[in-house]
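Quick note: the coordinates plus some simple rules give every number you see, no bench work behind them. Bear in mind that the values here come from a model prediction, so they are computed numbers and not experimental data. Cβ atoms come from the backbone with ideal geometry, glycine included; neighbour counts cover every protein chain shown.
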Amino acid sequence: MAKQHTQVTWGGRFSAGPAELMLQFSESVSFDHRLAPFDIAGSKAHSAMLAKVGLITAKERHAIHAGLDEIAKEIAAGKFAWNPQLEDVHMNIEQALTKRVPAAAKLHTARSRNDQVATDMRLWFKHACAVLAEKLRGAQSALLATAETHNDVLIPGYTHLQRAQPVYLAHHLFAWMEMLDRDVERFERVAASANWCPLGSGAIAGTTLPIDREFTALQLGFTDAKGRPQVTQNSMDTVADRDLFIEFASACALVGVHFSRMAEDLILWSSSEFKFADLPDAFCTGSSLMPQKKNPDSCELLRGKSARLQGNLHTLLTLAKGLPLTYNRDLQEDKPPVFDSFDQTGLCADVFAGTVGGMRINRGACAAAVADPSLLATDLADYLVERGLPFREAHHVVGAVVQLAEKHAMQLDQLPTEEVMKLHPAFGPDWIAVFDLKRALAKRRGTGMPGPAQIRRQFARWKKRLRTKA
Ligand code: ARG
């Protein structure tokens, strides 16, 4: 078609440029332009290496670096004119550079867009993992502050959404802290997997030119703990591999699942049926019809976003599954899902922090719910175990106590002691002390349990962890 389209870098063997429709279909600059800072860093390192091995002169390197710095500034200021006809971020920057700096025609020596985009993305993943870890730390800080404000509040813990056993609210919130902590560590592992330099792999089979891959890796910070360069070990795998994309999207999907579960708890807690929590107005919306409504929209969207994050992971798995080695253009579709996962996961962390940070706890409703003595039925079985009964028998006996209470439409702790003692001789007049909630919690002393001494330990642990990791 139109001859002017043959300006594309690969146009030499073509007598016609791509159709307008094909340009629209194949451009990626509309979404990969966000790789610009990483693309420029990669080009600076690559040209520094080319100068080091004598493939370009120091003067040419200098001119290329100066031109790239200028372009970086323009991009940052929003003054760079992205051209979709030049397909992607790589060609946009290279062409703009070549217009200013003739030596830039040598920049692509011993490089392909295949190892270039792999490098850009590895740099981006390292950055993205650090950003998301930081945001998750922010969500943890909001949780810790809320736990601290309400450190004496007890609530029922639930299994099957039925009241199970009493816990400190802080213990419940600390369960969420653990989930988020694993997420942070997962991003740290993804960043470690990203830390290998692809440059030098070329399109598929490296180059005949005498390049120094280790030098480039050092320039870009692809180094191990001892500062030694880390370069990928197989040129074909390097340009075909999209594991990192899947690992990153998977880490984001799991964050989404975590926030979704927490959001579900918050939605329940803020319902009139529970009334444990009042979510901040700033993260709720009203109804256009029912004037009394205050809807937990931020939490519902957290649940909804988790579906989207899982979808992105699935897109990437499906994208990669049928591809022969090595690079195939399908792989250009790898970027929208990971960018979306990054953006949405970061938003989720911030919105969760805002929602939890502004939440008010209804102490009265929590106290009323946790006063349910049946939450301590298991403690009553433990009481019998301490008096020598095998647990299975103790469980059975307490079942009979529960049945008796139901028959008399009484709370467990209102049953007359004589009636209870009739159910098993191991019951003594002190059975009723089991229902002292404070005492019941104090007995939960082991690591990971919700007793007050453990909660104090966990407060100290989280404070230290967030201080040192922040
Ligand atoms: N925009 C392309 C992508 O993201 C860059 C790599 C292009 N390579 C190629 N051989 N066409 O996949």
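Assorted remarks:
- Cα-Cα pairs of segment 330-470 separated by more than 22 Å (percent): 61 percent
- Prolate/oblate/rounded label for segment 108-170 (Cα gyration tensor, a/c 1.5): oblate
- Amide H partners (placed H, <5 Å) of VAL231, local residues excluded: CYS197
- Relative to its Kirkwood radius, the Cα radius of gyration of the chain gives an Rg/Rh of 1.15.
- Length gained when the stretch ARG189-HIS127 is fully extended (0.36 nm per residue, less Cα-Cα span): 21.0 nm
- Label positions at THR285 and LEU325, each projected 7 Å from the Cα along the C-beta direction, are separated by 5.0 nm.
- The chain - percent relative contact order, Cα under 8 Å, separation 6 or more: 15 percent
- Cα gyration tensor, segment 283-400 - rounded (a/c under 1.5), prolate or oblate: oblate
- Only Lys, Arg (+1) and Asp, Glu (-1) charged, at Cβ; the chain dipole about Cα centre in debye: 1140 debye
- Short to long, the 10 Å bins of the Cα pair-distance histogram for segment 103-220 hold 12, 27, 20, 15, 12, 10, 5, 0 percent of all pairs.
- Built amide H within the under 5 Å cut-off of LEU154, gap 5+: LEU169
- Residues ALA76 and GLU386, FRET efficiency given R0 of 56 Å [Cβ-Cβ distance, rounded to 0.05]: 0.20
- Cβ-Cβ FRET estimate between THR468 and ARG13, R0 fixed at 51 Å, reported to 0.05: 0.35
- Within straight-line reach of LYS99, meaning a Cα separation under 14 Å, sit the following aspartates and glutamates at least 8 residues removed in sequence or on another chain: GLU70.
- Across all directions, the shadow cast by the convex hull of segment 226-291 built on its C-alpha atoms averages 9.7 square nanometres.
- Per-residue Cβ neighbour rank within 10 angstrom, fewest leading, LYS305, LYS443, LYS106: LYS443, LYS106, LYS305
- Reduced Cα scattering model of segment 49-179, Debye log10 I(q)/I(0), q = 0.19 Å⁻¹: -1.15
- Remark: the ALA58-ASP212 segment gains 53.8 nm on full extension, using 0.36 nm per residue and subtracting the alpha carbon distance.
- Inter-centroid distance (Cα atoms) of segment 190-268 relative to segment 389-403, Å: 56 Å
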